[in-house]
Amino acid sequence: HSADAHRTDLMTITRFVLNEQSKHPESRGDFSILLSHIVLGCKFVCTAVNKAGLAKLLGLAGETNVQGEDQKKLDVLSNEVFIKALVSSGRTCILVSEEDEEATFVEPAKRGKYCVVFDPLDGSSNIDCGVSIGTIFGIYMIKDGHEPTLDDVLQPGKNMLAAGYCMYGSSCTLVLSTGSGVNGFTLDPSLGEFILTHPDIKIPKKGKIYSVNEGNAKNWDGPTSEYVQKCKYPTDGSSPKSLRYIGSMVADVHRTLLYGGIFLYPADKKSPNGKLRVLYEVFPMSFLMEQAGGQSFTGKQRALDLVPKKIHERAPIFLGSYDDVEEIKKLYAAEE
Ligand code: AHM
Ligand code: MG
């Protein structure tokens, strides 16, 4: 559209979030400040990911730099950038990262009321071949005037204030929910700004795609096996579903959100809790799915009702279009 090509009124992510926050008179802009630091981390990682292929080609990766330090791996580098950006925002008190065994408690002088759980660079097996990878994050808030403890992050996903991910793919896309719908922003590299490109994302009620690592099929339980069999050999006269599996959660979930269908990382005999981590993979993605009109299920319950006992806990996950998740829920209910 020519109107789009000459659009002059740009809705940046900062402007969008400030607008949203202005609906809450009690908000003092803290959330907007926190988010701008997350956005900075995403821009940094985006640039680093884009350069990674070139660095490798030039023989930089794995070599020592001038200071005699080893070149940092991309996931380690991304983690450091996010931790520093979040601490320096002055708005956080507890940080949980997939990369760090222990949670980070922010020193009192730099403390704020938000807890951020995140996977700085998810899908790392895809880095070296240039396939899409991403950052996933979720945000909780501590109660006023109490000393932060781990219990502040060991909360069910439904208590999250906000969740999102940034996908480093053919373009850099940030998808965010602050609890009133889901919006997508694309990085305009010439401006260095995320611009609203996908307002009010709603997932199709039913989809034509299923997404799973079928290499684990030998170890699946009854309901998962039956579900996937039905995707391929439907018994209700419908067409078989297509299979798409990237092996990067952010990319697989992003496609599911836009095109509909189901993404699953089920339990199996070898991994009774599946693979994906509750706090910074399962919860943020489940939050976004529900906000977009879809569902998310663990095989036993609504995913956002889970109460994690440990920060790096795992859970099986089935998420996506409302009707597709409804089907898998019925199969698990029939088993009980
Ligand atoms: P990672 O945190 O080590 O990168 O693993 C998480 C990734 C997800 O992005 C993806 O959904 C899943 O692992 C793929 O696992 P698998 O290779 O077992 O199919
Ligand atoms: Mg991960």
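Name every residue in the range 103-136 that is within 14 Å of ligand 1 (Cβ to nearest atom), surrounded by 19 or more Cβ atoms within 10 Å (Cβ to Cβ) and outside any helix (DSSP H, G or I), in order of residue number. Result: V117, F118, D119, P120, L121, D122, G123, S132, I133, G134, T135, I136.
On the basis of being among the hydroxyl-bearing types (S, T, Y), within 16 Å of ligand 1 (Cβ to nearest atom) and at pLDDT 95 or above, does Y165 make the cut? Judged against the criteria, Y165 is a match. Considering the conditions (1) surrounded by 19 or more Cβ atoms within 10 Å (Cβ to Cβ); (2) among the polar types (S, T, N, Q); (3) under 20 Å from F287 (Cβ atoms), T224 is excluded by exactly one of them, (3). Among the residues making up the range 212-228, none is closer than 18 Å to D323 by Cβ, more than 16 Å from ligand 1 (Cβ to nearest atom) and either outside any helix (DSSP H, G or I) or among the polar types (S, T, N, Q) (or both). Scanning the range 241-257 for residues that are more than 9 Å from ligand 1 (Cβ to nearest atom), among the aliphatic types (A, V, I, L, M) and not in a helix (DSSP H, G or I) gives a single hit, L243.
Considering G215, G260, G237, G247, the condition of being free of Cβ contacts under 8 Å to residues at least 12 places away in the same chain and on the phi > 0 side of the Ramachandran plot is satisfied by G237 alone. The residues listed here are P148, P156; of these, the one that is surrounded by fewer than 19 Cβ atoms within 10 Å (Cβ to Cβ) and more than 16 Å from ligand 1 (Cβ to nearest atom) is P156. When the range 127-152 is limited to residues that are among the hydroxyl-bearing types (S, T, Y) and within 16 Å of ligand 2 (Cβ to nearest atom), the one that is nearest to the chain's Cα centre (by Cα) turns out to be T135. Pairs linking a residue in the range 109-135 that is on the phi < 0 side of the Ramachandran plot and without any contact (Cβ under 8 Å) to a residue 60 or more places away in the chain to a residue that is of a type in the set (F, W, Y) and more than 9 Å from ligand 1 (Cβ to nearest atom), with Cβ atoms under 6 Å and 6 or more positions apart or on different chains, are C115/Y140. Return a yes/no flag: does the range 71-82 have any residue that is modelled with pLDDT under 90, exposed (fewer than 13 other Cβ atoms within 10 Å of the Cβ) and of a type outside the set (S, T, Y). For the range 71-82, residues modelled with pLDDT under 90, exposed (fewer than 13 other Cβ atoms within 10 Å of the Cβ) and of a type outside the set (S, T, Y): absent. The residue of the range 107-126 that is nearest to ligand 2 (Cβ to nearest atom), among those that are more than 23 Å from F287 (Cβ to Cβ) and touching a strand residue (DSSP E or B) at 6+ places or on another chain (Cβ under 6 Å), is N126.
E99 meets the conditions (1) within 16 Å of ligand 1 (Cβ to nearest atom); (2) assigned to a strand (DSSP E or B) in every case but one. The failed one is (2).
For the range 187-205, state whether one or more residues are part of a strand (DSSP E or B), within 16 Å of ligand 1 (Cβ to nearest atom), at pLDDT 95 or above and within 30 Å of S239 (Cβ to Cβ). Checking the range 187-205: not a single residue is part of a strand (DSSP E or B), within 16 Å of ligand 1 (Cβ to nearest atom), at pLDDT 95 or above and within 30 Å of S239 (Cβ to Cβ).
Residues of the range 176-192 that are on the phi > 0 side of the Ramachandran plot and in contact with a strand residue (DSSP E or B) (Cβ under 6 Å, 6 or more places away or on another chain): none at all.
I'd like to verify a number: residues in the range 97-108 that are of a type in the set (S, T, Y) and either farther than 16 Å from I142 by Cα or touching a residue at least 60 places away in the same chain (Cβ under 8 Å) (or both), how many? Count: 1.
Could you list, in sequence order, all residues of the range 258-291 that are assigned to a loop (DSSP other than H, G, I, E, B) and surrounded by fewer than 24 Cβ atoms within 10 Å (Cβ to Cβ)? Hits for the range 258-291 are G260, A267, K269, K270, S271, P272, N273, G274, K275, L276. Considering the range 170-202, the residues that are closer than 25 Å to G157 by Cβ and among the charged types (D, E, K, R) include one that is surrounded by the fewest Cβ atoms within 10 Å (Cβ to Cβ), namely D200. Picking from residues in the range 86-96 that are assigned to a loop (DSSP other than H, G, I, E, B) and free of Cβ contacts under 8 Å to residues at least 60 places away in the same chain, the one that is nearest to ligand 2 (Cβ to nearest atom) is S89.
The values are calculated or read from the model by the stated rules, or taken from the named source; none is laboratory data. Source: prediction; values computed, not measured. For neighbour counting, all protein chains shown are included, and Cβ atoms are generated from backbone atoms with ideal geometry for every residue, glycine included.
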